[in-house]
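Taken together, the values in this text are just the output of simple stated rules run on the coordinates, not laboratory data. Here the structure is a predicted model, which means the values were calculated and not measured. No Cβ is skipped: glycine too gets one built from the backbone with ideal geometry, and neighbour counts run over all protein chains shown.
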Amino acid sequence: MRAAVVGGGPAGCAAAYTLCKQGHDVVLLEAQDHVGGRTSQVRKEGFNLGSGALFLMGGIYPRTNALIEELGHAGEMVGWDAHTHVLDADGSRYRVEFDQVLSFLKMPVLSLLDKARIAAGVAKQLVSGGSSSCFDGAELARHDRGETLETWSRRVLGDKGHDYITVPYMGFLYAVPMSWLSTSLFQAIVQQFYKLRLAVPPEGIGQISDWLVAGSPGLDLRLSSPVEAVERSGTGYLVRAAGTTHEVDAVVVASEPGVSADLLQGLATEEAVVKLRGCRYSEYAHAQVCWTTDPYPGQDVSVVLPARQPDAVWGAAVLQSHRHPGAVPPGGQAVGVYFYTPPLATMTDEEISQAAVDAARAAYGPAPDPDFVELFHFERGLSIAGPGHYATMSTLHAEMPPGVALAGDYFAHAGVEAAVLSGEQAAARAVASAASASEPVPA
Ligand SMILES: Cc1cc2nc3c(=O)[nH]c(=O)nc-3n(C[C@H](O)[C@H](O)[C@H](O)COP(=O)(O)OP(=O)(O)OC[C@H]3O[C@@H](n4cnc5c(N)ncnc54)[C@H](O)[C@@H]3O)c2cc1C
């Protein structure tokens, strides 16, 4: 079978890899001049900066780990020590480990009563049976009761548990108010807390897509090839990109959902196109504050997370030298500052960059002016999984025309595992539905 994959982010690369492994003839069409999408690395003045994603999260990323293992790179993964400070509004700091949720219980700001309430909430969640997969949209949908994360965590963990655990945790991962999120992912993480471990490939998280492409036998990779149109042709499709028309039996569409809606207009049902266009995204900005001379030598804290503060502008400050070898040049340092979405609406890029320098100093201490600040500002940064999101997205699969399957992290909560899993599933769906479409109709 001949297949086209639209989009070379982790979802598209995982789909292409899966199809190639099965012996199909695959063309991967990527709009940019590199694969990786929002996980791409940007190299500048000796720094290797992640444009988006930071880390994999250990055992809650089973499919990503399995593919890395299969590709022979498991031994190269670099563990990321997650020494973390939770920064309080009055400047107090509480030392925790980001990948050990229970360490948050040791924060002295929590009273015995708070701790008892949080422990009871966690215990109740452990026995109540949440989603077994943290990033399978269909599975998460089954555990979405329509409550927001804010309401649930205040009710179950108490206000202190909400402010000092849920907010720093999910604020770091998604940078939006907890009232915008559903509960299923956080509940699943609480349930699988013992599986959390942060790790990165040696060249940064963007290397995962490079590994997938390199491990795809016979893959026809076309970079700088934005797909302009997908049209029906007999039982297959014509995919037009960069002046070339690719005639295929199946198409995996792994672009951002708005782009997928444009490409599938007239092919998928009108309902499906409306759902794709309606998929909610957050504006997201992070700035890498870069020094060629490290102002924080010997610093052992990898992440600083503000506890809930009125008008918080940033949700995390991350020391880049702790991420992977070569993230910063020898003797250099960078602090990545990750901003909350709401304040971005009224900030210019210059203000974001200056706020990042201020945040780096607030998080790690005084420092001279940086050599440069690299700003990554996404108009559509992360899909937002509010209550009902997973169920709506899950219905899309059945609304695709024969031989077409959708992939992307927006089917679950944004994250590399969601992307990779959806890519593998889309490859299977595309093959199955193309095969059934080409079967002769019984007389
Ligand atoms: C700031 C930030 C921090 C993050 N941190 C983490 C983290 O620490 N851990 C984690 O697991 N995840 C993290 N993520 C999320 C992670 O980056 C995404 O989940 C992942 O990149 C999604 O993969 P995808 O393939 O679905 O989409 P994308 O990565 O967006 O890839 C889509 C691809 O489609 C291409 N494309 C679009 N239109 C077309 C077209 N017409 N033709 C051809 N190609 C097209 C794009 O160029 C792109 O390469 C973070 C994201 C951001 C923005």
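Some values worked out for this structure:
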{"item": "Tilt relative to the chain, helix 10-21 - C-alpha long axis, 0 to 90 degrees, to 10", "result": "40"}
{"item": "Gaussian network model of the chain, springs between alpha carbon atoms under 10 Å - residue of 62, 330, 306 with greatest fluctuation", "result": "330"}
{"item": "Degrees between helix 149-161 axis and first principal axis of the chain (Cα, 0 to 90, nearest 10)", "result": "20"}
{"item": "Over 23 Å (Cα to Cα) - which of 106/195; 21/44; 195/275 fall in this group", "result": "21/44; 195/275"}
{"item": "Segments 387-399, 130-142 sorted - mean Cβ within 10 Å per residue, highest first", "result": "130-142, 387-399"}
{"item": "Inter-site label distance for residue 214 and residue 194 at 7 Å from Cα along Cβ, in nm", "result": "3.6"}
{"item": "Distance between segment 189-258 and segment 401-423 - C-alpha centres, whole angstrom", "result": "10"}
{"item": "Relative contact order computed over the chain (Cα-Cα under 8 Å; 6+ residues apart), in percent", "result": "25"}
{"item": "GNM top mover of 33, 210, 90 - the chain, alpha-carbon springs below 10 Å", "result": "90"}
{"item": "Cross-link partners of residue 160 among aspartates and glutamates (Cα-Cα below 16 Å; sequence separation of 8 or more within a chain)", "result": "88, 90, 114, 150"}
{"item": "Listed residues 305, 196, 126, most fluctuating in the chain (Gaussian network, C-alpha, under 10 Å)", "result": "126"}
{"item": "Estimated 222 nm signal from helices in the chain, with DSSP H stretches of n ≥ 4 weighted -39500 (n - 2.57), rounded to 500", "result": "-10000 deg cm²/dmol"}
{"item": "Spin-label model distance (nm) - residue 277 vs residue 428, 7 Å beyond Cα toward Cβ", "result": "3.2"}
{"item": "Spacing of the two label points (7 Å from each Cα toward its C-beta) at residue 436 and residue 126, in nm", "result": "4.2"}
{"item": "Partner aspartates and glutamates for residue 115 [C-alpha distance under 15 Å; skip if fewer than 8 residues away on the same chain]", "result": "159, 163"}
{"item": "On Cα atoms only, tilt of 112-128 relative to the major axis of the chain in degrees", "result": "20"}
{"item": "Viscosity 1.306 mPa s, temperature 10 °C, Stokes-Einstein D of segment 104-188 from Kirkwood C-alpha radius, µm²/s", "result": "121"}
{"item": "Where Rh is the Kirkwood radius over Cα pairs, Rg/Rh for the chain", "result": "0.98"}
